[in-house]
Amino acid sequence: MNAPAPGSPTGLPWLPLAAVATTLVLWASAFVAIRYLHEDFSPGALTLGRLVVASVCLAVVALLTARRSLRRPTGREWAGMAVIGVLWFALYSVALNEGESRVDAGTASMLIQVSPVLISVLAAIFLGERFTRWLGLGLAVAFAGVVVISLSTSDAADRDSTGVLLCLVAAVAYSISLVVQKPLVARLPAIQVTWLAATIGCVVSLPFAPQLVREVAAAPPSSTFWMVYMGALPTALAFTTYAYALRHLSASTLGVTTYLVPPLTIVMGWLLLAETPPALAYAGGALALVGVALTRRGGRARAARARPEEPVSAQT
């Protein structure tokens, strides 16, 4: 009898790859769904609706699949999850939702991909990680890419630089949250951190409840379906498949795969929304991704010397 493949206790080595593919497709679809829904739901209402669904789904997953591994958070850990809930699940979502009412889905996904550069800078400042020349070079190149994207949107009637700025606010909120989350997932299960942070984000977003009720009543059923889809699949399910993949693949490998999100988003946006980023934005997006790649140069060797890799949360 053949032994199970390394890193795959079930003997099904294709399962982690299938989990990665599922995650990437769902993340890309979230950018398209947000763009599709911006005419029926305001940014705050869409954030709350998505988080209500996600919180319920994540609670079910956590209690059914990881109940025995759940731990009681300390006061500091609760504070960290509150930061994540406010910044990532609430502010990130509102900023991205508003940003995508001004720029297309493909452009938004390219802008969010600068977050690994920001994470590296924040980790150097707050986690004591070394600030290398590659990090500085990557930061400069990625910033140049953002400038090019901003210039590409400024002359288009349905795109503006404010949308670019809002997407960058979302990227900063996500980056800060990821740095805050890193010590949390060293002790607590990733699904628990995600579930509790999403619930906190949901509570913070409750002031948008009256808007959500009015807009759900006025929106076509198809739009309400897509809002539920965003909470159940790109948020709850994508986090679950990502966590599964992290058990069998290295975080550095998964980090590289996130570069596939912008091209997937562009293709989906073209097929489903009949829109594509302006031509110059492709050059800016390529520059931004090159900048991200430069910041990670040599990172794999340093991570291997440091300690076993820890789970990292997803985007969108």
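The values are calculated or read from the model by the stated rules, or taken from the named source; none is laboratory data. The structure displayed is predicted, hence computed values, not measured ones. Neighbour counts are summed over all protein chains in view; Cβ atoms, including those assigned to glycine, are modelled from backbone coordinates with ideal geometry. In case anyone asks, the SASA skips ligands and DNA or RNA and just uses the protein heavy atoms, side chains included. Shrake-Rupley method; radii C 1.70, N 1.55, O 1.52, S 1.80 Å.
Kindly provide the set of residues from segment 260-276 that are part of a helix (DSSP H, G or I) and either at pLDDT below 75 or open to solvent by 30 Å² or more (accessible area, probe 1.4 Å) (or both), ordered by number.
At the first step, the residues of segment 260-276 found to be part of a helix (DSSP H, G or I) are 260-273.
Leu260, Pro263, Leu264, Val267, Met268, Trp270, Leu271, Leu272, Leu273, listed by residue number.
Table: residues versus (1) modelled with pLDDT of 75 or more; (2) closer than 15 Å to Val25 by Cβ; (3) of a type in the set (Ser, Thr, Tyr); (4) within 20 Å of the chain's Cα centre (by Cα).
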residue: Val228; (1), (2), (3), (4): yes, no, no, yes
residue: Leu246; (1), (2), (3), (4): no, no, no, yes
residue: Thr258; (1), (2), (3), (4): no, yes, yes, yes
residue: Pro278; (1), (2), (3), (4): yes, no, no, no
residue: Ala301; (1), (2), (3), (4): no, no, no, no
message: Kindly evaluate Glu39 against the criterion of being assigned to a helix (DSSP H, G or I), surrounded by fewer than 24 Cβ atoms within 10 Å (Cβ to Cβ) and at pLDDT 90 or above.
response: no
- prompt: Looking at segment 188-196, is at least one residue out of contact with any strand residue (DSSP E or B) (no Cβ under 7 Å at 6 or more places or on another chain), part of a helix (DSSP H, G or I) and at pLDDT 90 or above?
  reply: yes
message: Among the residues that make up segment 42-55, is at least one of them more than 18 Å from Ala238 (Cα to Cα) and of a type in the set (D, E, K, R)?
response: no
